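Asker: Here you go, one structure.
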Amino acid sequence: MAFWRRWSRPGDEPAEEPADLPEEEPAEEPADGRVTREGAADDRPTGEEAPTGLDELVGDEGRDRPDLGVGAQPADGGPAGLDAVAARAAYEPAAPAAPVPPAPVTGDAVPGWPGVPGWPGLQGAAAKAEAAEDAAELALGVQKSRQGFMGRLRTILGGADASGPSWEDVEETLIAGDVGGALAMEIVERARRRHDPGGPEAAVRAELAAILAPADPGWRPGPSAEGAPAVLLVVGVNGTGKTTTIGKLADRYHREGARVILAAADTFRAAAIDQLRIWADRTGSEIVAHAPGADPGAVVYDALDAAAARRADVVIADTAGRLHTKTNLMDELAKIRRIVDKRFPGAAPEVLFVLDATTGQNGLAQARSFHETAGITGIVLTKLDSTAKGGIVFAIEDALGVPVRYVGVGERASDLVPFDPEAFVAALFA
């Protein structure tokens, strides 16, 4: 007689067994001794999924069958069951697909990593439109400098009589524009000896352009090591706009097709992690963050781990703002550099120093100190649209030999544009 029951609540009367239920035939046991599930009562707990594939066919006892491609040989030496080749095919992952070759980079493209299809950069018309917009933003961003110290400089150079301009006035104007005293003297001396056919203005313009590093508008951070993502450490003092710069970089790289991970290693400043999280949401980037007050090095290490696991293209690490005179805080930057090298031996991360253009020569002293500690590889000049003294660009490249990579010319995410030295000088003299 089949056993019949129903679920009941405590206190219910037991249900009587119906008399008209026929007896169930017992499930036949196969010759190999394995128990099939066909015809057996489903006694799995509620919510458990039915077994499929190899589980359905061999059950729990058949899991350790070498003839099925897994486990050890059973002691009883039972029959083979499923064909071993079919079993292995069911459990082994499919062979990885062949790598997709990178899209060819045309002459109109903004290049990304060579050979990395995940970050091809903008192509064709999109690249041209982006470059035209960047040039227009840069020209608009230097408007105050063009009307400020450069306006006075051009008045002096253009109003000279046959004997030439007052070179002392030229030198004073350059110093007032944050070019710096020593550099201003050198520019004046070289311009006077130049005897440019275009006149004094052309001579000064040529000398200013010669200070800046050659144009590299297509620059993007490359892999920090073989098989590793690009790593950008963003450093600077408080209030220069580091976190905002990181958000703008993430926006630009994401629009170019890169997978970006942000490391919230500024665990000291209040709301820094929340601010970076907002930028991650805006730009479609991912973020790795710990609790406030956590070890910044641990945050960076976890972000690098995440980037390797998720095959991200670039990691951008925020760091706590610090005064260049605070030795212990500066040493923390050196520690983060060592952590990057530990995770990716031989790595060469990009270290971008964020400088507020309105700080003038004070910013140059900050940059020197950071360069000694962290090894700056590039400058991001923020708030260039807010100053009439854009001469700091010339001073910092001359003093450090480090190129300006980006300039901030507004509040929008797209207002961080690649620095083009030729376009910058042309905009100043426009």
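Asker: Where only protein heavy atoms count, and the probe is 1.4 Å, what is the accessible area per residue for segment 274-378 in Å²?
Answerer: Numbers: 4640 Å² over 105 residues.
Spelled out: the 1.4 Å probe surface of segment 274-378, per residue, equals 44 Å².
Asker: How much length would be gained if the chain were fully extended between Arg277 and Glu133, taking 0.36 nm per residue of separation minus their Cα-Cα distance, in nm to one decimal? Don't jump to the answer; show the numbers that get you there.
Answerer: On the way: separation 144, 0.36 × 144 = 51.84 nm, distance 2.74 nm.
Net length gain for the segment: 49.1 nm.
Asker: Please give the length that would be gained between His290 and Asp196 if that part of the chain were fully extended, namely 0.36 nm times their separation in residues minus their C-alpha to C-alpha distance (nm, one decimal). Each step should come with its number before you reach the end.
Answerer: Details: separation 94, 0.36 × 94 = 33.84 nm, distance 5.87 nm.
Gain on extension, His290 to Asp196, equals 28.0 nm.
Asker: Quick check for you: with a 1.4 Å probe and neighbouring chains kept, what is the accessible area per residue of segment 145-210, in Å²?
Answerer: Details: 3410 Å² over 66 residues.
Counting only protein heavy atoms, the per-residue value for segment 145-210 is 52 Å².
Asker: Please work out how much length the chain gains when fully extended from Glu186 to Ser166, using 0.36 nm per residue of separation minus the C-alpha to C-alpha distance, in nm with one decimal. Don't skip to the end; give the middle numbers.
Answerer: Details: separation 20, 0.36 × 20 = 7.20 nm, distance 1.54 nm.
Contour length minus Cα-Cα distance gives 5.7 nm.
Asker: If you don't mind, there's one more thing I want to ask. How large is Rg/Rh for segment 345-430, to two decimals, with Cα atoms and a Kirkwood Rh?
Answerer: Numbers: Rg = 13.1 Å, Rh = 13.4 Å.
Ratio value, two decimals: 0.98.
Asker: At 1.4 Å probe size, with the rest of the protein present, what percent of the exposed accessible area of segment 338-405 is carbon and sulfur atoms?
Answerer: Values: 1030 of 2370 Å².
The nonpolar share, carbon plus sulfur, comes to 43 percent.
Asker: Three principal axis extents, largest first, for the C-alpha atoms of segment 161-280, in Å?
Answerer: Result, largest extent first: 61, 34, 23 Å.
Asker: Cα centroids of segment 196-271 and segment 339-407: how far apart, whole angstrom?
Answerer: Computed from Cα coordinates, the inter-centre distance equals 9 Å.
Asker: Okay, moving on. Across segment 282-430, how large is the tail of the calculated P(r) beyond 21 Å, expressed as a percent of all Cα pairs? If you can, show how the numbers build up before the last one.
Answerer: Working: 5686 of 11026 pairs.
When every Cα pair of segment 282-430 is considered, 52 percent fall beyond 21 Å.
The values are calculated or read from the model by the stated rules, or taken from the named source; none is laboratory data. The structure presented is a predicted model; accordingly, all values stated were derived computationally and were not measured. These area figures cover heavy atoms from the full protein model, side chains too; ligands, DNA and RNA do not enter into them. Shrake-Rupley method; radii C 1.70, N 1.55, O 1.52, S 1.80 Å.
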